[in-house]
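J.: Below is one structure. I have some questions about it.
The values are calculated or read from the model by the stated rules, or taken from the named source; none is laboratory data. Bear in mind that the values here come from a model prediction, so they are computed numbers and not experimental data. For neighbour counting, all protein chains shown are included, and Cβ atoms are generated from backbone atoms with ideal geometry for every residue, glycine included.
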Amino acid sequence: MINSVSLYKTCYTENQFPKKDRKEIAFAGRSNVGKSSLLNAMFNKKLAKTSSKPGKTQSVNFFLVNDSIYFVDLPGYGFAKVSKSEKEKWNRLIEDYFKNRPDLDLVVLLIDSRHPLQKNDQKMIEWINYYEIPFIIALTKTDKLSKNGINKAITYFKKTLKPVGPPAVFPVSSLKKEGLEDLTRVIF
Ligand SMILES: Nc1nc2c(ncn2[C@@H]2O[C@H](COP(=O)(O)OP(=O)(O)O)[C@@H](O)[C@H]2O)c(=O)[nH]1
Ligand SMILES: [Mg+2]
């Protein structure tokens, strides 16, 4: 379904965001959740920078998919080992992005399938709901769980997020390339 993709623009400040002249899907999540890996796996191309050291993506990256849709890689949040001012800078960039995109088409919120819902994920969901943007959950790194563990995680997130949706939940493993087709299909 993804036939072509290229890095369209890397933005460090709000005034660098392109006009919202296309359908646009944003990918958000905690630092190290596996966002860049998931994008690369879906793109079948190493376009998004990955790192074993968290806290690297500090820009908003626009990818142009099929010459018609933007996939947007947002900065990861919640990385403990950066200064408070650095954290605030990243949070501001994410908030500036949402303020600029009242007609955003979808947010794919990535959450690590191994952990319970975190405070900052909850805060992100509050923002998404405040701006009334539709969202879905991608549960990442499912290769680290058993089949039973994956099902438990799906049930847990559906139940926990019931008051805010409930959103659809998609288990994915970029490493094993599992769940990618289902996620891509639902995005389209
Ligand atoms: N086991 C496993 N590790 C993953 C997967 N996706 C990402 N990772 C690892 O998680 C770390 C962070 O990945 P990255 O994509 O850079 O996360 P980002 O900070 O959210 O963009 C890296 O060490 C990746 O190799 C996955 O599906 N399975
Ligand atoms: Mg990244």
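J.: Could you check region 105-118 and list, in sequence order, the residues that are free of Cβ contacts under 8 Å to residues at least 60 places away in the same chain and either crowded, with 19+ Cβ neighbours inside 10 Å or under 19 Å from residue 92 (Cα atoms) (or both)? So that I can check it myself, show each step before the final result.
T.: Taking region 105-118 as the starting set, the residues that turn out to be free of Cβ contacts under 8 Å to residues at least 60 places away in the same chain are 113-117.
Hit for region 105-118 is 113, nothing else.
J.: I'm trying to understand the selection: among the residues of region 4-19, which are in a loop (DSSP other than H, G, I, E, B) and either modelled with pLDDT of 95 or more or touching a Gly at 6+ places or on another chain (Cβ under 7 Å) (or both)?
T.: 4, 17, 18
J.: Exactly one condition in (1) surrounded by 19 or more Cβ atoms within 10 Å (Cβ to Cβ); (2) closer than 22 Å to residue 17 by Cβ; (3) among the acidic types (Asp, Glu) is not met by residue 121; state its number.
T.: Of everything listed in (1) surrounded by 19 or more Cβ atoms within 10 Å (Cβ to Cβ); (2) closer than 22 Å to residue 17 by Cβ; (3) among the acidic types (Asp, Glu), residue 121 misses just condition (2).
J.: Condition check: surrounded by fewer than 17 Cβ atoms within 10 Å (Cβ to Cβ) and in contact with a Lys or Arg (Cβ under 6 Å, 6 or more places away or on another chain). Does residue 96 satisfy that?
T.: no
J.: Among the candidates 114, 22, single out the residue that is at pLDDT 95 or above, farther than 27 Å from residue 144 by Cα and over 15 Å from the mean Cα position of the chain (by Cα).
T.: Being at pLDDT 95 or above, farther than 27 Å from residue 144 by Cα and over 15 Å from the mean Cα position of the chain (by Cα) holds for just one of 114, 22, which is 22.
J.: While we're looking at this one, here's another question. Could you tell me which numbered condition residue 1 fails, if it satisfies all but one of (1) among the hydrophobic types (A, V, I, L, M, F, W, C); (2) away from ligand 2 (no atom under 14 Å from the Cβ); (3) not in a loop (DSSP other than H, G, I, E, B)?
T.: The failed condition is (3).
J.: Checking residue 126 against (1) over 21 Å from residue 26 (Cβ atoms); (2) exposed (fewer than 13 other Cβ atoms within 10 Å of the Cβ); (3) of a type outside the set (Val, Ile, Thr), only one condition comes out false. Which one?
T.: Residue 126 satisfies every listed condition except (1).
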